[in-house]
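Since the structure comes first, as structure tokens, the remarks are kept for the end.
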Amino acid sequence: MKTGFSVFLAAFVALGASWFGLVYGPLKQLGVATETKVLQSDAKWPLQRTGDATLGLQVYRSAGCAACHTEQVRQTGSANVLTITEIGSHQPADLKGFINSLSGSVIELMNASNAVAANLAGWNGELPKVLYSGADDTVVSMLGDKLKAVGVKTEARVVATGADIARGWGTRQSVAADYLYDAPVQLGNLRAGPDLATIGVRAPDVNWQLQHLYAPRSLVKNSTMPAFRFLFAVQKIGAQPAPDALVLPKEFAPADGYEVVPTAEAKQLVAYLLTLKNNAPLYEAPFTPITVAK
Amino acid sequence: MSDENKNCCSSETGEPTATRSAAPMWIIVVTLALVFAGGLFLDSHSGWFDKNVYAPYQSSAQLEAFQPKSGAAAALARGKAVYESVCGICHGSDGLGKPGQAPALAGSEWVTCNGCNRLLHIPLAGVAGAIKVQGKDWNLNMAAMGAALPDEDLAAVLTYIRGAWGNKAEAVTAAEVKNIRVEIGKSPQPYTGEQLLKMLE
């Protein structure tokens, strides 16, 4: 085989290049990642987990939660949004004419004039009113300045857009920084249940979470989630009822004289779920959490 | 053994050998075109493999447009916006001025002197008559363009002028603007170049 060395070299280069691009490069970039800064704040992201929550990740893993739940919010775009919050002494109709004349005459606003006119069509003065929503941040700052000059108050915001955001599963997409303390990362690839990347924001009540694990359909009527009863102990009520016993509706409660008590694993799992927040604005996933008034 | 096999694989003539022939020109052209298109796509969609650029963002410049502005960055963005709408019409977006309309601000000694506040007086009261800028004589009138601006906006735009186009001078605060506005009073008279020069001393 005269070409043996060439074949070896070609294979070496091909595999070496993929290893370099798919293993070495990402490791060099993200393998050394540390906490990042939260936008417009001195806080760091993500927050270190408590011991219970760290153990809870292993419970999440062993219970197979990732088989039906993802932990990744997706985003298809971003928008700079300008909202009118106060119109002062102006009449809506006059203001409409003024804004339309602005977006026809100021060069920076020309490209947005159709979008602004469409947003204003049929507006009869109800507030807050979204005036512009698009990629161009100069339109937002310019329009905000021009309106401020005539006494109209506006708010400029950056929002993420996409189906997951519209479902209320988060305010921005998940990025590598969110998984810094996850080992192993529980991305998941099937959404038989909802995404859990922000479940700590959506359902921050410990008792709700525990009851939902024990009897999902006692809280969410048509839930398809299996009941994780092995994370709970059903025991005879002693001299005093246990302080952490679940308060269950009649049809889900055990027989009289018994109570349902969460085990350590259940408490760890809930502690972990409550740390899933993904709600800090980061440089790589920007959004405006609170409105910035102009 | 059939005849076919015999024809196909007779070993009497020894092992078959590969011969060489040049690749057709069209394959080379198409390959190079594909490589070029791939390069263009990577250039516009990869964000240069920046670890902070995630889809749907395609470049760090695009990501930058969605960063909420605050603090110094917000003041600078504000200053730029005010400059473009008030000052830039005559002094130019590049700060190089326009012949017969306005002298340059980029590198101008009237702008970049540290510790002197001539620059603050000019937009609040205006300038009239002869003035020498970067060794060049001008004889124009500038109205009090900044008198109608709020203190914060005027401070922001002056800070922008002092920091843009290679200028490196200290920032202007809203308090300084306010002091000079009070000093000048309600009915400002435009300065002459000589009056402004005296302020330096």
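The values are calculated or read from the model by the stated rules, or taken from the named source; none is laboratory data. Just so it is clear, the structure is predicted and the values come from calculations on it, not from any experiment. All Cβ positions, glycine included, derive from the backbone under ideal geometry; neighbour counts span all protein chains shown. Keep in mind that these areas ignore ligands, DNA and RNA; they rest on the heavy atoms of the full protein, side chains included. Shrake-Rupley method; radii C 1.70, N 1.55, O 1.52, S 1.80 Å.
When the stretch A:56-105 is examined, which residues are found to be away from chain B (no Cβ under 14 Å) and among the charged types (D, E, K, R)? Write out each step before concluding.
Of the residues in the stretch A:56-105, the ones away from chain B (no Cβ under 14 Å) are A:56-71, A:83-101, A:103-104.
A:Arg61, A:Glu71, A:Glu86, A:Asp94, A:Lys96 - these are the residues of the stretch A:56-105 that are away from chain B (no Cβ under 14 Å) and among the charged types (D, E, K, R).
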Take the stretch A:139-172 and flag every residue that is under 17 Å from B:Ala81 (Cβ atoms) and surrounded by fewer than 18 Cβ atoms within 10 Å (Cβ to Cβ).
A:Asp145, A:Lys148, A:Ala149, A:Val150
Out of all the residues in the stretch B:31-45, is one or more open to solvent by less than 50 Å² (accessible area, probe 1.4 Å) and not aliphatic (A, V, I, L, M)?
yes
Which of the residues that make up the stretch A:66-77 are open to solvent by 20 Å² or more (accessible area, probe 1.4 Å) and not in a loop (DSSP other than H, G, I, E, B)?
A:Ala66, A:Ala67
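Count, please, the residues in the stretch B:17-69 that happen to be of a type in the set (Gly, Ala, Ser) and either touching a strand residue (DSSP E or B) at 6+ places or on another chain (Cβ under 8 Å) or in a helix (DSSP H, G or I) (or both).
First, pick out the residues of the stretch B:17-69 that are of a type in the set (Gly, Ala, Ser): B:18, B:21-23, B:33, B:37-39, B:44, B:46-47, B:55, B:59-61, B:65.
Then drop every residue that is not either touching a strand residue (DSSP E or B) at 6+ places or on another chain (Cβ under 8 Å) or in a helix (DSSP H, G or I) (or both), which leaves B:33, B:37-39, B:44, B:47, B:60-61, B:65.
Total satisfying the criteria: 9.
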Quick check on my filter: what residues within the stretch B:130-169 are under 20 Å from the mean Cα position of the chain (by Cα) and surrounded by fewer than 12 Cβ atoms within 10 Å (Cβ to Cβ)?
B:Gly166, B:Lys168
As an exercise: evaluate A:Ala149 against (1) without any contact (Cβ under 8 Å) to a residue 24 or more places away in the chain; (2) away from every other protein chain (no Cβ under 14 Å) and give the number of the one condition it does not meet.
(2)
Note on B:Ala104: of the conditions (1) part of a helix (DSSP H, G or I); (2) away from every other protein chain (no Cβ under 14 Å); (3) of a type in the set (A, V, I, L, M, F, W, C), unmet is (1)
What is the residue count in the stretch A:154-165 for residues that are within 18 Å of B:Phe66 (Cβ to Cβ) and assigned to a helix (DSSP H, G or I)?
2
Of the residues that sit in the stretch A:17-52 and are over 19 Å from the mean Cα position of the chain (by Cα) and away from chain B (no Cβ under 14 Å), which one is most open to solvent (accessible area, probe 1.4 Å)?
A:Trp19
